[in-house]
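Structure first, commentary second.
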Amino acid sequence: MRDFSTGFSALSRLYDDGLTPSVMDFEETFEAPALPWGGEAGPPTLYLGFAGAKEIVDASWRIARRRMKSVHASVLPDREARDYWRTRHDIIYMHDEISPGLTRADVALTDTIFDYVHVALPRSRILAYRRAALAILGRHGVHPIGFGLWTQPELVSLEVVKPVLEDRPAAKAAVAAALDALIRKAHALGGSMEYVHGIGVKLAHLIDEELGTGADLARRVKEALDPSGVLNPGKLGL
């Protein structure tokens, strides 16, 4: 794709056509310092796949190719798709333990803070969020490595890094502050946080902003069902 906004517009029209891809991963990458697995800036890339009866899949591809051709998208060689499927879970495998309590990610990220946000937004707010998100990261001195959409055009994934530079607590605090600001911006644009992993403990402090008056109702329901507080204590900010 030439740029993110052009590709996003074509992708949105594809969904407006009624297509339901089984695989959709649209992401641009940014050059970032101190990334242990390597990172280069590049134009947005779209991985797309359809499943079902052959007639439906063939028709879906005809429409999708027409949409992509309209924005002069380049077709990647088949090896790119094979590499995508082969490496797409590498970041998960980085968290396999190599000794008790120690993962390969712990070793690789000794000099780097890595984190991410997943937010859901109205499709009409995606481009505004992208602009705001990159500005927020710049103000906090945190570097984007990827901004993309997964599964649906409304689901955003943003990965970030910051070099430790001999002060790990400060770098970690800067990334945490940036992530909070990114989530609050999503809230301001009518979105919600974490469509993949859930709120858990990490984002519990933002639950009141997420749910508004609904947070008190959720707490009352939790207290009624779990008066002793033994079910996932501390999770979800409840």
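Computed from the coordinates by the stated procedures, all read-outs in this text should not be read as laboratory data. For clarity, every value in this text was computed on a predicted model and none was experimentally measured. Methodologically, a virtual Cβ is constructed for each residue, glycine included, from the backbone with ideal geometry; neighbour enumeration extends over all protein chains shown.
Points worth noting:
- When each full DSSP H helix of the chain is screened for a Cα extent of at least 20 Å along its own axis and an average Kyte-Doolittle hydropathy of at least 0.0, the helices passing are 126-140, 168-188.
- Protection proxy ranking of 82-88, 181-187 - average other beta-carbon atoms within 10 Å, highest first: 181-187, 82-88
- Proximal lysines relative to LYS69, as straight alpha-carbon distance under 26 Å, when same-chain residues fewer than 8 apart are discounted: LYS54
- In terms of packing, defined here as the mean over residues of other Cβ atoms within 10 angstrom, the peptides 197-206, 228-237, 152-161, 107-116 line up highest first as 152-161, 107-116, 197-206, 228-237.
- Centre-to-centre, using Cα atoms only, segment 174-238 and segment 26-101 are separated by 31 Å.
- Structure-derived percent of Cα pairs over 32 Å apart - corresponding label in (i) 30; (ii) 23; (iii) 17: (i)
- Cross-link partners of LYS162 among lysines (Cα-Cα below 18 Å; sequence separation of 8 or more within a chain): LYS172
- Helical runs assigned H by DSSP (4 residues or longer) give the chain a calculated mean residue ellipticity at 222 nm of -13000 deg cm²/dmol, each run adding -39500 (n - 2.57) before division by the residue total.
- Protection proxy ranking for 58-70, 134-146, using the average of other Cβ atoms within 10 Å per residue and placing the highest first: 134-146, 58-70.
- DSSP finds beta bridges in segment 97-238, and of those with both partners inside it, around 100 percent are antiparallel.
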